[in-house]
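Okay, so here's the structure we're looking at.
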Amino acid sequence: MRTRIVCAVLTCWMAMAVIPARAQEPPPIDPVTGNVRSITFGDPAPRVAPATWVRAGPINRLEPGRVYVVWFFASWSEKSHKALSTLASIHERFKDQGVTVLGVGVWEPSKPLPDNTGYEGRFREFVTERAASLPYPICYDGDQGEMAQTWMRGADRKSIPTAFVIDRKGRVAWMGHPLSVDEPIATIVEQVLAGTFDVKAAAERDRVQREQLEKARKTENRLRKALEANDGKAAVTLLNDLLAIRPAEFTPRIREVFEVLAVDNADEAGAYAWLKTLEAGPLKDDAPTLNNVAWDIATAEGLKARDLDLAHRLAARAVDVSGGREAYILDTLARVQFDLGRIEEAIATQEKAVALAEPGRQGDYQATLDRYKAAKGK
């Protein structure tokens, strides 16, 4: 009898010893300091606890055995808008394979309201307007809600859209931009479903990318100062560094640097030589920047020498990249053709621009076409 009593007391004592350990587990957000528990690749995902549900739901917990794609966005974010079709595609493709997509509205107060709808009201209107592109559960968490803190701040994510892929055990398998070219999110989901996704390798890639981003931010600050000082040569060096790190992000800055070097510094030869080093690289597939630089070469005030052959190559490439469907790009090519004396080509190209132009621009493009035709008759 005494043995049973001792065992019972010991069992009770052990149970009591376990309870305080669980009770002392720190909350995801410290109520005193406001500090948030950090999360990274391979860690358990924070709980799903939004301020309110907007459509479908609620999802009270991440169910074991399912894979989740939790993405954070805002109604005002153009980059978020671009990701809508990708996340809708993920939903349709994997919804019958144990994958749930969840959209979380955050940082809505980051952009002022144009009316009195309220931030949540603006977000709800956006969800209603884009219902076809948001066919999965949607919730709203404002700016300082628990999910905005525990997911975004906890993972040290400072931009939207950001997506998290949660594996079958409720762990963060991957996090990043849902439109990442290097790591297509559909491929990640496939591998997570199959159990073949390499979380450690993903964490290492993310570390390298974040280091690159930090380096890019510092270099961009130096570039801004060089441009403010009209130091074209320094700006070229700094932009080349940025293009080596994140070409897609910084290619549009080529036009600005070209203008400083060629016009403000009157170094046209240096500016043209620099553009030629980028022609088959960062510039190659950026139609808007190809177009803008070609237009500057043809029309910018202050240029004493115009490399129209270079402008023609850039403009023609812009037309190819855009599929010949953009009136303003065709208008640029026509202008360069005209300046080169290739008037019949300019007329044919400008006619295409007129046909594709929006109603508000057709008059301008038609006037240019009439000028080209008049020149042909002389």
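At a glance:
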| read-out | value |
| --- | --- |
| Failed item, numbered, when Val208 is tested on (1) under 28 Å from the mean Cα position of the chain (by Cα); (2) aliphatic (A, V, I, L, M); (3) part of a helix (DSSP H, G or I); (4) surrounded by 13 or more Cβ atoms within 10 Å (Cβ to Cβ) | (4) |
| Restricting region 224-282 to residues that are farther than 24 Å from Ala298 by Cα, in contact with an Asp or Glu (Cβ under 9 Å, 6 or more places away or on another chain) and modelled with pLDDT of 95 or more, the residue that is surrounded by the most Cβ atoms within 10 Å (Cβ to Cβ) | Leu238 |
| Subset tally (residues that are within 24 Å of Arg61 (Cβ to Cβ) and not hydrophobic (A, V, I, L, M, F, W, C)) for region 125-142 | 6 |
| Test: residue in region 123-143 that is in contact (Cβ under 8 Å) with a residue 60 or more places away in the chain, more than 26 Å from Pro64 (Cβ to Cβ) and basic (Lys, Arg) | yes |
| Selection count where residues are in a helix (DSSP H, G or I) and surrounded by fewer than 13 Cβ atoms within 10 Å (Cβ to Cβ), scope region 53-91 | 3 |
| Residue match in region 92-101 (condition: touching a Gly at 6+ places or on another chain (Cβ under 8 Å), buried (at least 22 other Cβ atoms within 10 Å of the Cβ) and not charged (D, E, K, R)) | no |
| First in region 255-273 and more than 13 Å from Leu239 (Cα to Cα), second anywhere and hydroxyl-bearing (Ser, Thr, Tyr) and modelled with pLDDT of 95 or more, Cβ under 8 Å, 6 or more apart | Ala262/Tyr272 |
| Residue match in region 29-47 (condition: among the small types (Gly, Ala, Ser), assigned to a loop (DSSP other than H, G, I, E, B) and at negative phi) | yes |
| Residue count for region 338-351, restricted to those that are of a type outside the set (A, V, I, L, M, F, W, C), farther than 10 Å from Leu369 by Cα and assigned to a helix (DSSP H, G or I) | 3 |
| Conditions (1) of a type outside the set (Val, Ile, Thr); (2) under 20 Å from Ala45 (Cα atoms); (3) exposed (fewer than 13 other Cβ atoms within 10 Å of the Cβ): number failed by Ser110 | (2) |
| The listed residue being assigned to a helix (DSSP H, G or I), among the small types (Gly, Ala, Ser), surrounded by 11 or more Cβ atoms within 10 Å (Cβ to Cβ) and not assigned by TED's automatic domain parsing to the domain that holds Lys158, out of Ala186, Ala202 | Ala202 |
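Every residue, every condition in (1) touching a His at 6+ places or on another chain (Cβ under 9 Å); (2) at pLDDT 95 or above, yes or no:
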{"position": "Val70", "(1), (2)": "no, yes"}
{"position": "Phe73", "(1), (2)": "yes, yes"}
{"position": "Ser77", "(1), (2)": "no, no"}
{"position": "Leu87", "(1), (2)": "no, yes"}
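This table checks each residue for (1) crowded, with 22+ Cβ neighbours inside 10 Å; (2) part of a strand (DSSP E or B); (3) in the same structural domain as Ala74 (by TED's automatic domain parsing); (4) of a type in the set (Lys, Arg).
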{"position": "Ala132", "(1), (2), (3), (4)": "no, no, yes, no"}
{"position": "Pro135", "(1), (2), (3), (4)": "no, no, yes, no"}
{"position": "Cys139", "(1), (2), (3), (4)": "yes, yes, yes, no"}
{"position": "Gly142", "(1), (2), (3), (4)": "no, no, yes, no"}
{"position": "Gln149", "(1), (2), (3), (4)": "no, no, yes, no"}
{"position": "Lys158", "(1), (2), (3), (4)": "no, no, yes, yes"}
{"position": "Ala163", "(1), (2), (3), (4)": "yes, yes, yes, no"}
{"position": "Arg168", "(1), (2), (3), (4)": "no, no, yes, yes"}
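The values are calculated or read from the model by the stated rules, or taken from the named source; none is laboratory data. None of the values given here were measured: they were computed from a predicted structure. Cβ: placed from backbone, ideal geometry, glycine included. Neighbour counts: every protein chain shown.
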